[in-house]
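Input: a single structure, listed below in structure tokens.
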Amino acid sequence: MDIQVLGAHNCESQKSRQMSLLIDDTLAIDAGCLTSSLSFPAQQKLKAILLTHHHYDHIRDVPTIAMNFYLRGSTINIYSIQPVYDVLSTHLLDGKLYPKFLEQPPQNPTIKFTMIEAYKVNQIEDYNVLAVPVNHTVPTVGYQITASDGKAMFYTGDTGPGLADCWRYISPQLLFIEATAPDSYEEFAKGSGHLTPSLLKRELISFQEVKGYLPKVVVVHMNPALEEEIEAEIVAVAGDLNNPVTIAYEGMQLHL
Ligand SMILES: [Zn+2]
Ligand SMILES: [Zn+2]
């Protein structure tokens with residue numbers, strides 16, 4: 001499995017993009033920067049998009065990628081939970097902001113949306129996909145993606161503390177987990193369903209307790225304005241746990 005980090009942040013600027021991961025050029029998780037990061041030919045290679053939740057920084061490029069597929073007369077598969085469908089159909093793709101790509105064109109809608117159930121393994125393209133609920137301010141699932149060779153990665157999406165139950169369902173070799181703000185923002189993080197490096201460390205300790213090992217960890221969804229502080233604290237977490245914990249960046253490539 002080849003994984004590319006297209007967007008690693010929670011805010012966009014010239015130098016930072018919002019969350020999108022790309023697996024083997026064909027499967028994307030979250031759509032924070034799919035059109036802004038990928039050339040037209042690269043966009044056309046996409047077979048499916050998984051969405052963790054309906055916050056704008058994770059679904060932003062759904063309308064723009066749908067438009068590009070529509071103009072080529074092709075279709076794109078999107079998978080997520082019911083609340084994400086509800087928000088897409090009543091907001092971004094409601095026919096006022098942009099065409100109703102979930103229904104248009106009527107004979108062959110551009111977006112083929114498939115509802116997925118948490119805790120049930122879905123075969124999507126060449127992967128086993130397992131959605132596991134995490135703790136955010138709106139319904140959110142993390143995704144474990146398992147390739148045909150048995151290698152697995154898990155991406156939490158946006159989450160606050162309390163992942164011990166989530167860990168019971170997954171066994172990834174590579175974990176993408178969020179750290180939105182530095183430790184001085186702990187109250188903010190707890191109130192808004194996010195993690196700081198210290199909170200993340202506690203989740204990794206709970207992972208170790210539940211699973212008996214620690215995977216390689218890549219940290220995502222940083223606030224770019226606070227990233228230096230976050231990074232320094234993550235370096236300390238990696239040292240304390242004696243385990244690779246690295247900060248993601250746009251264009252980062254990982255192989256599993
Ligand atoms: Zn977010
Ligand atoms: Zn969110």
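The values are calculated or read from the model by the stated rules, or taken from the named source; none is laboratory data. All of these numbers come straight from a predicted model, not from anything done at the bench. Using ideal geometry, Cβ is built from the backbone for each residue, glycine included, and neighbour counts are taken over all protein chains shown. Ligands, DNA and RNA are stripped out before the accessible areas are found, and what is left, the full protein with its side chains, is counted by its heavy atoms. Shrake-Rupley method; radii C 1.70, N 1.55, O 1.52, S 1.80 Å.
Data overview
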read-out	value
Highest to lowest packing among 1-8, 247-254, scored as the average C-beta count within 10 Å	1-8, 247-254
Simple spin-label estimate for residue 71 and residue 118 in nanometres, 7 Å along Cα-Cβ	3.8
Antiparallel DSSP beta bridges within the range 125-256, percent to nearest 5	50
Pairs of Lys in the chain closer than 24 Å at Cα, counting only those 8 or more apart or on different chains	18
Given charges at beta-carbon only (K, R positive; D, E negative), |dipole| of the range 170-256 in Debye	460
Cα centre as origin, Lys/Arg/Asp/Glu Cβ charges: the range 1-159 dipole, Debye	280
Label-point separation in nm, residue 13 to residue 192, each point 7 Å along Cα→Cβ	1.6
Selection from 74, 20, 118 lying farthest towards where the dipole of the range 1-124 points positive, charges on Cβ	74
Candidate residues 246, 90: accessible-area rank, largest first, probe 1.4 Å	90, 246
Dipole in debye (nearest 20) - the range 100-230, about Cα centre, beta carbon charges: Lys, Arg +1; Asp, Glu -1	420
